[in-house]
Each structure stands twice: as structure tokens, then as C-alpha cells.
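Undergrad: My structure is below; once you've seen it, I'll send some questions.
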Amino acid sequence: MKTVLIFDMDGVIADSWEACYPCCKNFMVSLNQPQLCSQEAILRLFEDNFMTSLTRIIDPTDIQSESFLQLARELNEAMTLAPCFSGIKSVLKTLSKDHSLYLVTANFTLAAQTFLNNHQLDCFIEVMGADQSFSKVEKIRSIAKQHTDRSVYYIGDTLGDMIEGRAAGVQTVAAGWGWHDAPTLSKGSPDYFIEQPEELLTFMKY
């Protein structure tokens, strides 16, 4: 029986920190939050759901829709330049032959589609971005409900991914090559930890 593999994009498939960081920094500037402009501060926001972390600091009513629209535009452009992590494309194409692959990201759906199209990655059944829901828990659960007879895994690279995957009731796989280091990821008690993309094939018993 096919397994359901739900992937995060940034930090798992897309080597996109250098592309995304300036966009996130500009977003914080637009919100008048200079204390959140450093790389370290932005990475800390991903220690939980990004919007949950942000709205602990900023009143949600102070976040203007135009700021999100500008962030979406900048990310869409930035993702045209983001490379894939070495080895991940062939891994995804192999896995998609025998398993059901989905993409759940905190990035915007259009930016994700731009990246996937640029790298000719058409192996995902559905792509779900922040414009569909800021909550990865909701998106992961909606996929899992379609496959109640299958094992479901969420592969992510941040502490927030591990927290949301666990909250959604699926098994979590920490990708050790992404935005958060192993000690940070371990705080989310991932079910599995892999250090390189190719280990996904071993994990799935190829």
C-alpha cells in the first residue's frame, strides 16, 4: 500500500534561505519591527508556526494585507532563483513512483509552483501554501483525512514543522540539511531524523 509523504518545501526541497531571507527582512521592515530583521530573529519565528510566533509579538490587526501581498510578490520572484538541494530531485521522482506525495509549505502557493515548475518537479498531487491556510496542522490533517488507511509522514526542517506535524497526528521526519540545526529540531521530538536527502530512500526501504 502506498505511503503518504507530505513535504515542506523551503529547507527540505528548496535551498532557499538566501533567496527568502531578504523577502522576510523586507516584510519585517514593512511591519516596523527592526528587532525581527536579523537572520537569527527570523529563524526563531520558525520554532513554532510562523504566524503564531509573529502574532505573539505583533497585534494581528497591525499586519496590513498589502504587506502580505508584497511579501508574496517578492517570494514569487525570489523562488525563480532558488536551487534544489543536491540529490533531492531524483529522490522525489523515485518516491513518487510508489507513494503519494504532497507539498505543504509556509511559503505562498504561487511561489511554490514557480519553484516546482522551474525545476520540472511535477510529482506532487497537491501543493498547499500559506494563502490556503497559515496553519500547517490544518493542511496536514486535511490530507491525512483523505488517506485514513495509510501511513502518513511529514518531512520538515524546522522545529515548527515538527510541532505542527505532531499536532496534526502524523509521523514526523526531521530533515537535517535545512534551516534549523539538529539540536533545535530535537526539541520537537521528531519520530525520525535523516541527515541527507538520499536517506529518504533507505527510510522508505528502497
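Undergrad: Only residues that are under 22 Å from residue 82 (Cα atoms) and surrounded by fewer than 15 Cβ atoms within 10 Å (Cβ to Cβ): list them for the range 157-195, please.
TA: If the condition is that a residue be under 22 Å from residue 82 (Cα atoms) and surrounded by fewer than 15 Cβ atoms within 10 Å (Cβ to Cβ), then 181, 195 are the ones that fit.
Undergrad: Still on this structure, please answer the following. How do the pairs read when you match residues in the range 35-46 that are in a helix (DSSP H, G or I) with residues anywhere that are of a type in the set (Gly, Ala, Ser) and at pLDDT 95 or above, using Cβ under 9 Å and keeping only pairs 6 or more apart or on different chains?
TA: Cβ pairs passing all conditions: 35/41; 44/53; 45/53; 45/160.
Undergrad: Out of the range 120-143, which residues are of a type outside the set (Asp, Glu) and either surrounded by fewer than 16 Cβ atoms within 10 Å (Cβ to Cβ) or over 24 Å from residue 89 (Cα atoms) (or both)?
TA: Those that are of a type outside the set (Asp, Glu) and either surrounded by fewer than 16 Cβ atoms within 10 Å (Cβ to Cβ) or over 24 Å from residue 89 (Cα atoms) (or both): 120, 125, 132, 133, 134, 135, 137, 141, 142.
Undergrad: Right, next: What is the residue count in the range 63-105 for residues that are small (Gly, Ala, Ser), at pLDDT below 95 and not in a helix (DSSP H, G or I)?
TA: 0
Undergrad: Tell me which residues, restricted to the range 149-202, are part of a loop (DSSP other than H, G, I, E, B) and polar (S, T, N, Q).
TA: Within the range 149-202, 151, 158, 189, 196 qualify.
Undergrad: Can you spot a residue in the range 21-32 that is in a helix (DSSP H, G or I) and touching a Phe, Trp or Tyr at 6+ places or on another chain (Cβ under 6 Å)?
TA: no
Undergrad: Modelled with pLDDT of 95 or more and crowded, with 21+ Cβ neighbours inside 10 Å, is that true of residue 112?
TA: yes
The values are calculated or read from the model by the stated rules, or taken from the named source; none is laboratory data. On a predicted model such as this, the values are computed, not experimentally measured, just so you know. All Cβ positions, glycine included, derive from the backbone under ideal geometry; neighbour counts span all protein chains shown.
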